[in-house]
Protein chains: 2
Amino acid sequence: MDFQDYVSVDCVIFGYDFERLKVLLLERVMLDQATHKVIFSDKILPGSHVLNNEPIEAAAKRVLVEFTGIEDIPLHQFKTFGDLDRLSRQERDILWLKNIHQDPSQRVLTVGFYSLVDANKYKLSVTKQQTHPEMFKRNPAWYDIETIPEEMAYDHKQILYEALSYLREGVKYNPLVFELLPEKFTLGLLQKIYETILNTTFDKRNFRRKLLKMPFIVPLEEKQQKVAHKPAQLYRFDWKLYQQVKRNNHDIML
Amino acid sequence: MDFQDYVSVDCVIFGYDFERLKVLLLERVMLDQATHKVIFSDKILPGSHVLNNEPIEAAAKRVLVEFTGIEDIPLHQFKTFGDLDRLSRQERDILWLKNIHQDPSQRVLTVGFYSLVDANKYKLSVTKQQTHPEMFKRNPAWYDIETIPEEMAYDHKQILYEALSYLREGVKYNPLVFELLPEKFTLGLLQKIYETILNTTFDKRNFRRKLLKMPFIVPLEEKQQKVAHKPAQLYRFDWKLYQQVKRNNHDIML
């Protein structure tokens with residue numbers, strides 16, 4: 001047994017489809033070898049063991065491409081999970097691991113990464129060659145954060161909810177939201193994204209007043225086009241200015 | 001080789017002594033077996049391999065007690081480090097590891113924890129039995145953050161500086177500072193702590209106005225006693241109220 005037997009990565013990819021907040025999950029399927037009937041199926045985060053000569057973040061990027069087709073997105077390491085029994089709490093996890101000749105009682109440390117992307121932007125697909133014909137992962141798909149599937153592999157539901165906490169803190173203090181917005185956006189769209197992610201509602205006037213105080217949210221000399229309602233003002237996010245402001249900002253915001 | 005050969009924890013303990021920000025380091029010493037002269041000595045974070053049946057946070061707590069004598073402090077997991085060559089970049093690390101029969105080219109993943117404590121509160125001591133008489137860790141001591149020793153083991157200087165970034169973000173958004181303050185404190189002391197940790201200065205009036213807007217910083221019907229200058233108002237931090245306020249707070253603070 002070597003390094004890669006003990007260390008894995010798992011990715012919690014949040015997607016916003018301009019309606020709801022989603023999370024990207026795979027289906028884990030185990031078939032009966034003889035009848036090919038489904039013994040069980042549940043949901044699993046895109047994840048994998050870290051190869052011996054592979055940096056950890058490279059492993060996370062590889063896994064994402066192999067199991068979802070998503071490339072070139074920022075990945076934020078948020079927490080490492082190492083409960084002694086994280087792989088052996090559920091009967092079907094034990095069954096699965098025994099069938100791929102892994103000891104379910106052997107601890108594997110997993111490093112969690114999260115990201116927030118535009119859910120409409122990617123064509124999802126699995127390209128990874130899977131070696132056990134009756135056991136495989138398939139169908140990467142977006143699941144509503146409000147209706148997370150009940151049955152998930154290992155401690156993945158816990159990892160997912162912890163990632164959600166980090167995401168919610170993250171969007172409050174870091175410009176994650178602007179990574180997924182179109183270059184030109186309205187304050188209405190910005191408010192809707194924040195409300196969806198934080199699962200709250202903001203007073204429109206307070207929200208606008210607060211956001212417009214931020215010098216890096218810059219009005220454009222342009223309005224929306226081809227809309228039925230009164231066209232709204234467009235804005236852009238000035239990344240360079242944001243970095244400058246942040247560098248000198250020691251505001252305490254308990 | 002098993003789990004514990006591949007996974008370790010390292011603790012970055014920041015201490016405030018009511019003057020400066022410090023960090024807790026050990027001295028790593030290697031002696032010549034025959035002459036007992038020092039071959040090298042440098043500084044190292046309190047850290048250790050995670051035992052097979054040991055939860056990760058328990059490992060961090062154990063290491064702290066064994067190498068520093070510090071018990072019962074909150075530890076914040078902040079990042080996991082896994083560079084392929086993190087143990088083999090320096091000649092003296094290679095020498096050290098070979099002498100304890102470890103392969104310097106074998107990657108070890110280390111989970112980093114940080115904490116912020118009152119540096120005057122603890123009596124520091126090493127109680128851990130060390131098995132190589134000519135190679136040992138000793139003298140846990142506080143080092144000024146402004147003058148971190150040049151020579152540190154492995155990637156520990158990188159881990160330390162990353163922890164410092166997390167600490168500085170942490171004190172801005174979380175009440176870490178109030179964990180080390182005396183129960184009753186003046187706003188002057190609070191300002192001094194923030195200034196020291198964030199390495200900045202605040203305008204006294206703005207700082208007070210900002211902090212006094214926070215409902216969980218509660219004035220007491222009490223003033224300082226036995227001071228030469230005009231006694232200042234004392235305050236306490238209301239943890240329960242803080243939790244309540246935070247639960248309902250979705251302020252965006254980019």
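Just so it is clear, none of the values below were taken in a lab; they were calculated from the coordinates. All of these numbers come straight from a predicted model, not from anything done at the bench. Here the Cβ positions follow ideal geometry from the backbone for every residue, glycine too, while neighbour counts run over all protein chains shown.
Starting from the Cα gyration tensor of segment A:90-170, take the square roots of the eigenvalues, sort them a ≥ b ≥ c, and report rounded, prolate or oblate (rounded when a/c is under 1.5, otherwise prolate if a/b is larger than b/c, else oblate).
Oblate, because a/c is 1.5 or more while a/b does not exceed b/c.
Need one number for segment B:1-102: average projected area of the convex hull over its C-alpha atoms, nm².
Result: a mean projected hull area of 8.6 nm².
About the Cα centre, and with charges only on the beta carbon of Lys, Arg (+1) and Asp, Glu (-1), how big is the dipole of segment A:3-173? Nearest 20 debye, please.
It comes to approximately 160 debye.
Provide, as a two-decimal number, the C-alpha radius of gyration of chain B over 2.2 N^0.38 Å, N being how many residues it has.
Against the compact-globule rule of thumb, the ratio is 1.17.
Which Cα, out of A:L116, A:M1, A:Q129, lies furthest along the positive dipole direction of chain A (beta carbon charges, K/R +1, D/E -1)?
A:L116
What percent of all Cα-Cα pairs in segment A:23-66 falls into each 10 Å bin, going from 0 up to the bin containing the maximum distance?
25, 36, 27, 12, 0
Helix-only mean residue ellipticity at 222 nm, chain A, DSSP H runs n ≥ 4 weighted -39,500 (n - 2.57), per residue, nearest 500. What is it?
Helix contribution divided over all residues of chain A: -9000 deg cm²/dmol.
Can you grab the distance from the C-alpha centre of segment A:27-102 to the C-alpha centre of segment B:201-254, Å, no decimals?
Cα centroid to Cα centroid, the span is 47 Å.
Taking the alpha carbon gyration tensor of segment A:37-187, what are the square roots of 5 times its eigenvalues, largest first, to the nearest whole Å?
28, 18, 16
Just the number, please: percent antiparallel of the DSSP beta bridges in segment A:3-156, rounded to the nearest 5.
So the antiparallel bridges amount to about 70 percent of the total.
Lysines within cross-link reach of B:K123: Cα-Cα under 18 Å, excluding same-chain residues under 8 positions apart?
Correct list for B:K123: B:K22, B:K61, B:K137.
In Å, what Kirkwood hydrodynamic radius results for segment B:112-239 from the alpha-carbon pair distances?
Mean inverse Cα-Cα distance, inverted, gives 17.7 Å.
Could you tell me which of rounded, prolate or oblate describes segment B:181-247, using a ≥ b ≥ c as the square roots of the eigenvalues of the alpha-carbon gyration tensor, with rounded for a/c under 1.5 and, failing that, prolate when a/b is larger than b/c and oblate otherwise? Display every interim value, and only then the final one.
On the way: a/c = 1.90, a/b = 1.17, b/c = 1.62.
Because a/c hits 1.5 or more and a/b fails to exceed b/c, segment B:181-247 counts as oblate.
All other residues with a Cβ under 14 Å from the Cβ of B:D2 taken together, and with Lys, Arg as +1 and Asp, Glu as -1, what is their net charge? Can you show the working numbers first?
Details: positive: A:R107; negative: A:D2, A:D5, A:D103, B:D5, B:E54.
Here the charged neighbours net out to -4.
How large is the Kirkwood hydrodynamic radius of segment A:164-204, counting all unique pairs of alpha carbons, in Å?
Result for segment A:164-204, one decimal place: 10.7 Å.
Give me a comma-separated list of calculated 3J(HN,Hα) values for segment B:66-79, in order, Karplus coefficients 6.51, -1.76, 1.60 applied at θ = phi - 60°, integers in Hz, x for any Gly or Pro.
5, 9, 9, x, 7, 10, 6, 10, x, 10, 10, 5, 10, 6
Please state the shape class of the protein assembly as shown: rounded when a/c is under 1.5, otherwise prolate if a/b exceeds b/c and oblate if not, all from the C-alpha gyration tensor.
Here the protein assembly as shown falls in the oblate category.
Please name whichever of B:T186, B:A141, B:F67 sits farthest to the positive end of the charge dipole of chain B, dipole taken about the Cα centre and charges placed at Cβ: Lys and Arg +1, Asp and Glu -1.
The Cα lying farthest towards the positive end belongs to B:T186.
Within the protein assembly as shown, what percent of beta bridges assigned by DSSP are antiparallel, to the nearest 5? Display every interim value, and only then the final one.
On the way: 60 of 82 bridges.
Antiparallel bridges make up about 75 percent of those DSSP assigns within the protein assembly as shown.
Output ³J(HN,Hα) for segment B:4-14: one whole-Hz value per residue in order, computed from phi by the Karplus curve 6.51 cos²θ - 1.76 cosθ + 1.60 with θ = phi - 60°, and x for Gly and Pro.
5, 6, 10, 10, 9, 10, 9, 10, 10, 9, 8
In sequence order, what are the phi-derived ³J(HN,Hα) couplings for segment A:152-157 according to the Karplus relation 6.51 cos²θ - 1.76 cosθ + 1.60 with θ = phi - 60°, rounded to whole Hz, with x for glycine and proline?
Along segment A:152-157, the couplings run 10, 5, 6, 9, 5, 5 Hz.
Under 5 Å between amide H atoms, partner at least 5 residues away or on a different chain: which partners does B:V12 have, H built in plane at 1.01 Å?
When sequence neighbours closer than 5 places are left aside, the close amide H contacts are B:F113, B:Y114, B:S115.
Taking K and R as +1 and D and E as -1, what net charge do the other residues with C-beta under 10 Å from the C-beta of B:E222 add up to?
Cβ neighbours under 10 Å give a net charge of +2.
Counting Lys +1, Arg +1, Asp -1, Glu -1, what net charge surrounds B:K240 among other residues with beta carbon under 13 Å of its beta carbon?
Local net charge: +2.
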